Amino acid sequence: MLFGGAAALYLVLSLAVPPHGDVAWYRDWGDYILDNGILHFLRDQDADYPPLFLYFDTALVWLARVLHVPFSFLFKPAVSAVVVVSAYPLYKILRKYAGGGAALIGTGAYLLHPVNILDTAIWGQTDVFISAAMIAVLYFLIAERWTPLFVSIFCAFAVKSQILFFLPVIGIWLIYIMVRRKLYVRFIVSAVAFVAALYLLYLPFTWTYIAEEGDYFYLFEIFLRQVGHWNWFSANAMNFWAAIGLNLYPYEGTGLKFAAYAVVAALSIALGVAVIRSKVRAEVKWPLAAFLQAGICFYFLPFMHERYFVPAVSAFIFLLVLCKDEKLTLLGIALMALCALNVIFKLCFSVEEMKTLPAGLMIAYALAGTAVFVLYCIRAFRYLLGKCGDAEEGVSAEDRQEVPDCAENAGGESAAECAAQKKELSETEKNTPAEDKLFSDEAPPLAGT
């Protein structure tokens, strides 16, 4: 009933609400590819989306021609369907860790979350592809199923490069594991295979640049162009840059950009270290790390759009169901509410109209969002490191195991026996590999299940 009702809601809204201007761009891209092929597409079109999305887009344009219906009648229901379909694996995962009732509540929150409805059924945007991919990425991280993890990240990359905003902390973790296990060759082979597969996927689109201009690295320009396509400090993202009055302000120079990259790099490294040191259960730790990483990029990098925090909704739902820290939950709810309001602003006002809104109002709004995220950062880091009063609830039973206190031994053992027991426990902990199943596709037993 939940899935059927949500599907009906998304279908009605996607058909009833007129399409946003971006949907016309997607239609034009598909029309060009159908009429002219793909060899000169990137040369002639101002497109900044990866190949899998362009194939998907072109298929819908072709189907709209065959059925003689407007492109938006197919595109908006199609991206809305991604939300509904991705909710089922989310439900199964949450039921595994939290039970059926909590999983049903979390799935309902995901399906009816304003950012998902606004971004797909109302606007017709494509951020939901990353939201869906993050459900798979988080599950495979939790379960330590590494091959499906890499496949999920690859597919996300090939559809929309916003997955980059989640990857720094994951990359730090993988490097840590691989160095710890001395799997350098496998790491290099995996990285080369990943890049080579992307390059081959892009080859039909980039062949013109290779054959006619000798530009073998145009693929990488496309990824960078998608992130910084609009040369503003903030492209309607109510983040730090908007908080200092630079929303829709043309970017000039390089000093501030590199300073922002340095801040984001430092915070990402600190987050990676916190994840490595954290004893919090994986099913809480990884959604928290992903949500925090996406927020770090959104709030402190330049060139951010109002939609770039939308894919974090998947990690938020994991935390809403599985994290017991009330302050983190309340701050997370506030951040996602501000994200929805940010999308509403863009839907209600054009770029030119946004520039006419009271500057003080927009600065206050952006400042409030940035302040909430800073508070979330502080709480999240303390939680990961076990400094919060409620963080212990997220720690696995094995990590909470205490060494026996010989002075208060109720069993009446001798001091020698107690010391031997302590030594045995210490040796067991020393010899137990914490994350040693790096490239095994078999999920290890998870605490709390």
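Given 74, 149, 164, which one is in contact (Cβ under 8 Å) with a residue 60 or more places away in the chain and not assigned by TED's automatic domain parsing to the domain that holds residue 307? Please lay out each step first, then the result.
Values: 74 fails: in contact (Cβ under 8 Å) with a residue 60 or more places away in the chain; 149 fails: in contact (Cβ under 8 Å) with a residue 60 or more places away in the chain.
Answer to the selection: 164.
How many residues are assigned to a helix (DSSP H, G or I) and within 19 Å of residue 383 (Cα to Cα) when one looks only at the range 313-354? So that I can check it myself, show each step before the final result.
Narrowing the range 313-354 to residues assigned to a helix (DSSP H, G or I): 313-322, 326-348, 351-354.
Going one step further and asking which of them are within 19 Å of residue 383 (Cα to Cα), we end up with 315-322, 326-335.
Total satisfying the criteria: 18.
Based on what the data block shows, is residue 361 in the same structural domain as residue 308 (by TED's automatic domain parsing) and modelled with pLDDT of 90 or more? Steps first, please.
Working: in the same structural domain as residue 308 (by TED's automatic domain parsing): yes; modelled with pLDDT of 90 or more: no.
It is false that residue 361 is in the same structural domain as residue 308 (by TED's automatic domain parsing) and modelled with pLDDT of 90 or more.
I need a count of the residues in the range 265-285 that are surrounded by fewer than 22 Cβ atoms within 10 Å (Cβ to Cβ) and outside any helix (DSSP H, G or I).
Looking only at that region, the number is 1.
Count, please, the residues in the range 5-28 that happen to be within 21 Å of residue 63 (Cβ to Cβ), aliphatic (A, V, I, L, M) and buried (at least 18 other Cβ atoms within 10 Å of the Cβ).
Qualifying residue count, the range 5-28: 2.
Can you tell me which residues in the range 29-45 are in contact (Cβ under 8 Å) with a residue 12 or more places away in the chain, surrounded by 12 or more Cβ atoms within 10 Å (Cβ to Cβ) and assigned to a helix (DSSP H, G or I)? Full working, then the answer.
At the first step, the residues of the range 29-45 found to be in contact (Cβ under 8 Å) with a residue 12 or more places away in the chain are 29-34, 38-45.
Now restrict to residues that are surrounded by 12 or more Cβ atoms within 10 Å (Cβ to Cβ): 29-34, 38-43, 45.
Once the filter is applied, which keeps residues that are in contact (Cβ under 8 Å) with a residue 12 or more places away in the chain, surrounded by 12 or more Cβ atoms within 10 Å (Cβ to Cβ) and assigned to a helix (DSSP H, G or I), the range 29-45 yields 29, 30, 31, 32, 33, 34, 41, 42, 43.
Checking the condition touching a Leu at 6+ places or on another chain (Cβ under 8 Å), at negative phi and of a type in the set (Phe, Trp, Tyr), which residue from 150, 154, 129 passes? Break it down into steps so the answer makes sense when it comes.
Working: 150 fails: touching a Leu at 6+ places or on another chain (Cβ under 8 Å); 129 fails: touching a Leu at 6+ places or on another chain (Cβ under 8 Å).
Result of the check over 150, 154, 129: 154.
Any chance you could count how many residues in the range 155-196 are of a type in the set (Phe, Trp, Tyr) and at pLDDT 90 or above?
Step one: filter the range 155-196 for residues of a type in the set (Phe, Trp, Tyr), giving 157, 165-166, 173, 176, 184, 187, 194.
Next cut, at pLDDT 90 or above only: 165-166, 173, 176.
Here the count works out to 4.
When you check residue 97 against the structure, is it touching a Leu at 6+ places or on another chain (Cβ under 9 Å), over 24 Å from residue 297 (Cβ atoms), assigned to a helix (DSSP H, G or I) and in contact (Cβ under 8 Å) with a residue 12 or more places away in the chain, yes or no?
Spelling it out, residue 97 is indeed touching a Leu at 6+ places or on another chain (Cβ under 9 Å), over 24 Å from residue 297 (Cβ atoms), assigned to a helix (DSSP H, G or I) and in contact (Cβ under 8 Å) with a residue 12 or more places away in the chain.
Those residues that are assigned to a helix (DSSP H, G or I) and surrounded by 15 or more Cβ atoms within 10 Å (Cβ to Cβ), I need them from the range 236-264; list them, please.
Taking the range 236-264 as the starting set, the residues that turn out to be assigned to a helix (DSSP H, G or I) are 240-243, 255-264.
The answer is 240, 241, 242, 243, 257, 260, 264.
The values are calculated or read from the model by the stated rules, or taken from the named source; none is laboratory data. The structure presented is a predicted model; accordingly, all values stated were derived computationally and were not measured. In this analysis, Cβ positions are derived from the backbone assuming ideal geometry, glycine residues included, and neighbour counts consider all displayed protein chains.
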